[in-house]
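Trainee: The structure is given below, and queries will be raised subsequently.
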Amino acid sequence: MVLDWINPEDYSFNSFLLLERFQIRFMMESGGWRNEKAEWRRSIGVAMNANPAVKWYLKERCPECAELINEIAANAPMLTDAAEIRKAEIYALASVEDFVIYTTPEIMAEQCDFIRGWSKERLVALADLTDKTVLDVGAGSGRLTFAAAEKAAWVYASEPVGTLREFMRQKIGREGIKNVRVLDGFAAELPFPDDTFDVVMSGHVVGDNWDNEVAELARVCKPGGWLLDCPGDSERDMMPVVPLTSRGWEEIHYVGSFGKDVYIHRKQVGK
Ligand SMILES: C[S@@+](CC[C@H](N)C(=O)[O-])C[C@H]1O[C@@H](n2cnc3c(N)ncnc32)[C@H](O)[C@@H]1O
């Protein structure tokens with residue numbers, strides 16, 4: 001899958017020093033998001049052999065991947081040609097371009113299609129957020145969080161990537177935003193008691209484990225509250241989301257900024 005969110009040539013391989021444990025595990029176990037897995041193993045192996053501090057960090061940060069990292073590195077050549085090494089680094093960076101762009105959140109609004117074309121009116125039309133207590137799960141750089149904060153009493157932005165949490169906290173400080181709190185958390189294990197929020201929303205987050213994640217969103221939502229899935233305008237993945245409609249979520253369409261239908265979803269929680 002190619003997202004075209006970054007020019008990998010602009011990034012140092014040291015960007016991998018900013019990855020979280022769950023990202024390293026995901027990357028190592030899946031082999032990046034591109035299809036040429038043999039090429040990925042060779043490239044990241046060459047890049048790690050040429051950057052031993054990054055190899056050390058990946059193993060220390062994600063000990064469950066240490067054996068696999070050693071194996072990949074041992075099976076890749078130890079190159080000395082700088083151009084060949086850089087080619088391998090660029091392949092490795094491009095293979096996880098979403099993780100890499102999260103290390104530079106300040107350019108996401110321009111570079112990420114789902115943020116660039118999106119209008120906050122799309123969120124406001126999905127549910128009444130006025131004076132509500134809202135949770136944004138996997139808040140990223142805060143596309144939904146800051147839109148909701150204009151109406152809501154409180155918005156809690158849960159996000160498992162530290163560089164993105166820091167970006168949102170800096171924006172809050174810079175703009176004097178008083179009703180947003182940023183915290184760590186995964187969709188499948190949200191750090192909140194049952195029935196906490198009036199609205200629980202997400203965009204481009206749920207999907208690794210539909211059953212656990214959707215149940216968890218509903219758990220922290222009050223009876224009568226709303227679950228919203230509002231992914232933004234991205235031509236690449238705008239299609240009916242059967243795992244949501246089959247679980248009773250209402251499907252709503254609008255014509256996105258790229259001229260085709262965007263599918264968004266909502267469900268009122270009955271307990
Ligand atoms: C494509 S971004 C979308 C960000 C934001 N929701 C938006 O629509 O602007 C996906 C986000 O989900 C976060 N994420 C990835 N896996 C997650 C998980 N298991 N639980 C919660 N968030 C996750 C990522 O760190 C990233 O910030």
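Bear in mind that the values in this text are calculations on the coordinates, not laboratory data. Note that this is a predicted model, so its numbers are computed, not measured. Ideal geometry is used to build each Cβ from the backbone, glycine not excepted, and the neighbour counts take in all protein chains shown.
Trainee: Most fluctuating residue of N14, N49, N209 in a GNM of the chain with Cα springs under 10 Å: which is it?
Mentor: Judging by the Gaussian network model, the answer is N209.
Trainee: Fewest to most neighbouring Cβ within 10 Å: what's the order for S43, S119, S246?
Mentor: Working: S43 25, S119 14, S246 9.
Least to most surrounded, the residues fall as S246, S119, S43.
Trainee: Figure the gain on full extension for A74 and E121 (residue separation times 0.36 nm, minus the Cα-Cα span) and round it to one decimal in nm.
Mentor: That works out to 11.7 nm of additional length.
Trainee: Right, here's the next one. What full-extension length gain, to one decimal in nm, is calculated for E150 and R219 as 0.36 nm per residue of separation minus the Cα-Cα distance?
Mentor: 22.3 nm
Trainee: Only counting other Cβ atoms within 10 Å, I'd like I177, I115 sorted with the fewest neighbours first.
Mentor: The order, fewest Cβ neighbours first, is I177, I115.
Trainee: At what distance in nm do the modelled label points of E64 and E235 sit from each other, each positioned 7 Å from its Cα along Cα→Cβ?
Mentor: 3.8
Trainee: Please give the contour-minus-distance gain from A38 to V255: 0.36 nm per residue of separation, less the Cα-Cα distance, rounded to one decimal in nm. Can you show the working numbers first?
Mentor: On the way: separation 217, 0.36 × 217 = 78.12 nm, distance 3.95 nm.
Extra length available between A38 and V255 comes to 74.2 nm.
Trainee: Order of F99, F22 from fewest to most other C-beta atoms within 10 Å?
Mentor: Neighbour counts put them in this order, fewest first: F22, F99.
Trainee: Let me ask something additional. Using the Cα centre as the reference, give the magnitude of the dipole from point charges on the C-beta atoms of region 93-178 (Lys, Arg: +1; Asp, Glu: -1; all else neutral), rounded to the nearest 20 debye.
Mentor: For region 93-178, the charge dipole is close to 260 debye.
Trainee: Given points 7 Å out from each Cα along the Cα-Cβ axis, report the D211 to D81 separation in nanometres with one decimal.
Mentor: Rounded to a tenth, the inter-label distance reads 5.1 nm.
Trainee: Tell me which of A139, N14, C65 sits at the most positive position along the dipole axis of the chain, charges placed on C-beta atoms (Lys, Arg +1; Asp, Glu -1).
Mentor: Sorting the options by dipole projection puts first A139.
Trainee: Taking the Cα centre of each part, how many Å lie between region 190-267 and region 129-186?
Mentor: Rounded to whole Å, the Cα centres lie 17 Å apart.
Trainee: Okay, moving on. For a quick check, take a GNM of the chain with Cα springs below 10 Å and name the residue from M78, M108, M27 with the largest mean-square fluctuation.
Mentor: M78
Trainee: Hey, another quick one. For the chain, what does the alpha-carbon gyration tensor say about shape, rounded, prolate or oblate, given a ≥ b ≥ c as the root eigenvalues, a/c under 1.5 as rounded, and a/b over b/c as prolate?
Mentor: Details: a/c = 1.96, a/b = 1.91, b/c = 1.03.
Since a/c reaches 1.5 and a/b is larger than b/c, the shape of the chain is classed as prolate.
Trainee: About the Cα centre of the chain, how large is the charge dipole given +1 on each Lys and Arg Cβ and -1 on each Asp and Glu Cβ? Please answer in debye to the nearest 20. Each step should come with its number before you reach the end.
Mentor: Details: 31 positive and 43 negative charges, 85 e Å.
Computed about the Cα centre, the dipole is about 400 debye.
Trainee: Another question, then. Taking the chain as the reference, fit the longest principal axis to its C-alpha atoms, fit the long axis of helix 52-61 to the helix C-alpha atoms, and give the angle between the two in degrees, 0 to 90, nearest 10.
Mentor: The two axes meet at around 40 degrees.
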